[in-house]
Amino acid sequence: MAGRNFLFVPGPTNVPDRVTRAMMVAMEDHRSPIFPELALACLNGLKPIFKTTSGTPIVFPSSGTGCWEAALTNCLNTGDKVLASRFGQFSHLWVDMCQRLGFEVEVLETPWGEGAPVERYLAALAADNQHKIKAVLVCQNETATGVTSDVAAVRQGMDSVKHPALLFVDAVSALASIDFRMDEWGVDVCITGSQKGLMLPAGLGVTCVSPKALAAAKSATARRCYFDFGDMVQANASGYFPYTPALPMLYGLRESLAMLAEEGLENVFHRHTYLASGARAAVLEGWKLKLCAAAPKWYSDTVSAIMVPEGTNGAEVIAHAFKRYNLALGAGLSKVAGKLFRIGHLGDLNELMLLGAIAGAELAMLDVGVKIEPGSGVAAAQSYWRSHSPALQQSTAGKKAGIAA
Ligand SMILES: Cc1ncc(COP(=O)(O)O)c(C=O)c1O
C-alpha cells in the first residue's frame with residue numbers, strides 16, 4: 001500500500017526519527033569501560049520522568065508485563081495478600097498474574113469504564129486491621145477502556161488508615177504522557193514499558209523502586225531469578241547489567257529522555273491533554289458517539305475508547321481501517337470486544353497526525369455503516385485545537401472544559 005502506515009494503537013507508539021537514528025548502532029561490548037556512561041545516563045535520566053529522587057529506576061530487557069512480575073516476586077512472599085481492582089483487560093491480567101504466581105488477591109470488581117474505586121480501597125484497608133494486605137495494586141491508566149485513575153487518592157486513603165502495605169502502580173500507558181509522581185504519591189514500585197510514552201520500540205520493561213520496596217525485597221521469599229531487583233541494583237551501581245542488556249534500546253532510551261527533557265515534562269503532559277481534548281471533541285461533539293470512560297474525571301489523555309452504536313461492530317471498523325486506509329486502530333479487548341475501537345494519542349504526536357487518525361476512523365465508520373456525519377469528527381477536533389493553545393501557560397484543558405465533559 002502506498003504511503004505510510006498510520007499507527008494509532010495505544011502502544012506501540014510512533015518512534016521519532018531521532019530515536020530510530022540513535023538506535024542504529026553497531027553492537028558493542030557491554031562490559032567495556034565506556035558502557036557505564038550510556039547505562040548511567042539512562043538510569044539517572046529516568047528519575048525525573050518518575051518524579052523521584054529516592055527511587056531506583058531499573059530497566060529489564062522485557063516488556064511491561066515483566067515488571068508486573070518483578071514487583072510481585074521481589075517484594076512479597078508467596079501466599080501474601082494483595083488488594084487490586086479490576087476494570088479492564090490490563091487490570092484483569094495483573095490480577096490473573098497475581099493468582100497464577102500464588103498470591104491471594106482481594107479483587108475490587110469495578111464496572112469497565114470506571115476507574116480505581118478509591119472509597120472501596122479505603123474501606124478494604126480500614127477493615128484490614130491485622131495488616132494482612134501486603135501490597136495495593138492500582139492501574140493508573142487502563143488502556144483497554146481509556147480510563148485514568150486517581151493514584152494520589154489511593155495513597156491518601158492508605159495514609160488515612162496508616163496502612164503499611166506497599167503501593168504498586170501500573171503506569172504502562174501513563175508514564176511520560178500523564179502526570180505521575182513517585183515520591184509525592186509514595187509509590188513503591190512503578191511499572192512501565194518502553195513502547196508508549198517513552199516513544200521507543202517494545203522491548204524494555206522500565207520500573208522504579210522505592211527504598212521501602214528495596215528493603216522489602218531483601219527479605220521477601222517469593223521465588224525470582226531473572227527479575228531479581230538485588231542482582232540488577234548491584235550491577236547497575238557501577239553502570240553494568242547482570243546479563244546482556246538490549247544495547248540499541250538503551251541508545252534509543254537516552255535519546256528519548258533527551259527529547260522529553262527538551263520539551264519539558266509538564267509541556268509533554270499538556271500536549272497530551274490538548275491533543276486528547278481534540279480527539280474527545282471529535283467523538284462527543286462531532287460523531288456524537290460515547291466514550292467507554294463513564295465520566296469526565298476518568299477520561300484518559302493517552303487513549304480514547306470509542307463505543308460504536310448498537311448493531312455495529314467495532315472490530316469491523318478496525319479491520320476496514322487497516323485494510324482500506326492503512327490505519328491501525330486499537331481493538332476492543334475481552335468484555336468490550338466488538339463494542340468499541342480505540343485511538344491511541346500518546347507519544348510523539350501532533351494535531352495533524354491525530355487528524356489523520358480521526359479522518360481515517362471517520363472514513364472506516366462511514367464505510368461499514370456507522371451513522372455519523374461525514375467530516376464532523378475532523379471539524380470538531382480542528383475547532384477545539386484552533387480555539388485552544390498548545391502552550392502550557394494558556395491552558396484551558398479540555399478535561400476541565402466540556403470536551404472532556
Ligand atoms: C495498562 C497496561 N498494563 C500492562 C500492559 C502490558 O505491557 P506489555 O505489553 O508491555 O507487557 C499494557 C500493555 O499495553 C498496558 O496497557
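A few remarks follow.
Table: residues versus (1) more than 16 Å from the ligand (Cβ to nearest atom); (2) touching a Ser or Thr at 6+ places or on another chain (Cβ under 7 Å); (3) in a strand (DSSP E or B).
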position	(1), (2), (3)
S54	yes, yes, no
T65	no, no, no
F90	no, yes, no
L108	yes, yes, yes
A116	no, yes, no
H131	yes, no, no
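- Residue in the stretch 26-52 that is least open to solvent (accessible area, probe 1.4 Å), counting only those that are among the charged types (D, E, K, R) and in a helix (DSSP H, G or I): K47
- The conditions of being part of a loop (DSSP other than H, G, I, E, B), of a type in the set (S, T, Y) and touching a residue at least 40 places away in the same chain (Cβ under 8 Å) are met by T244.
- Some residue of the stretch 244-257 being aromatic (F, W, Y), more than 19 Å from K51 (Cα to Cα) and open to solvent by less than 10 Å² (accessible area, probe 1.4 Å): no
This table checks each residue for (1) touching an Asp or Glu at 6+ places or on another chain (Cβ under 9 Å); (2) buried (at least 18 other Cβ atoms within 10 Å of the Cβ); (3) of a type in the set (K, R); (4) in a strand (DSSP E or B).
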position	(1), (2), (3), (4)
V95	no, yes, no, no
C98	yes, yes, no, no
R120	no, no, yes, no
A126	no, no, no, no
L137	yes, yes, no, yes
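- Pair list, Cβ under 7 Å, 6 or more apart: the stretch 368-394 residue of a type in the set (F, W, Y), other residue modelled with pLDDT of 95 or more: Y384/S277; Y384/G278; Y384/A281; W385/G278; W385/E351
- Selection of the stretch 104-154 for residues being more than 19 Å from S300 (Cβ to Cβ) and of a type in the set (A, V, I, L, M) yields V105, V107, L108, L122, A123, A124, L125, A126, A127, I133, A135, V136.
- The single condition among (1) surrounded by fewer than 24 Cβ atoms within 10 Å (Cβ to Cβ); (2) within 16 Å of the ligand (Cβ to nearest atom); (3) of a type outside the set (G, A, S) that P211 does not satisfy is (2).
- Scanning the stretch 316-331 for residues that are in a strand (DSSP E or B) and in contact with a Leu (Cβ under 8 Å, 6 or more places away or on another chain) turns up just one, A328.
- Within the stretch 71-81, at least one residue is within 12 Å of the ligand (Cβ to nearest atom), under 26 Å from R254 (Cβ atoms) and either in a helix (DSSP H, G or I) or out of contact with any Cys (no Cβ under 8 Å at 6 or more places or on another chain) (or both).
The values are calculated or read from the model by the stated rules, or taken from the named source; none is laboratory data. In this text, all values refer to a predicted model and were calculated from it rather than measured experimentally. Neighbour counts are summed over all protein chains in view; Cβ atoms, including those assigned to glycine, are modelled from backbone coordinates with ideal geometry. For the accessible areas, the whole protein counts, side chains as well, though only heavy atoms, and no ligand, DNA or RNA atoms are used. Shrake-Rupley method; radii C 1.70, N 1.55, O 1.52, S 1.80 Å.
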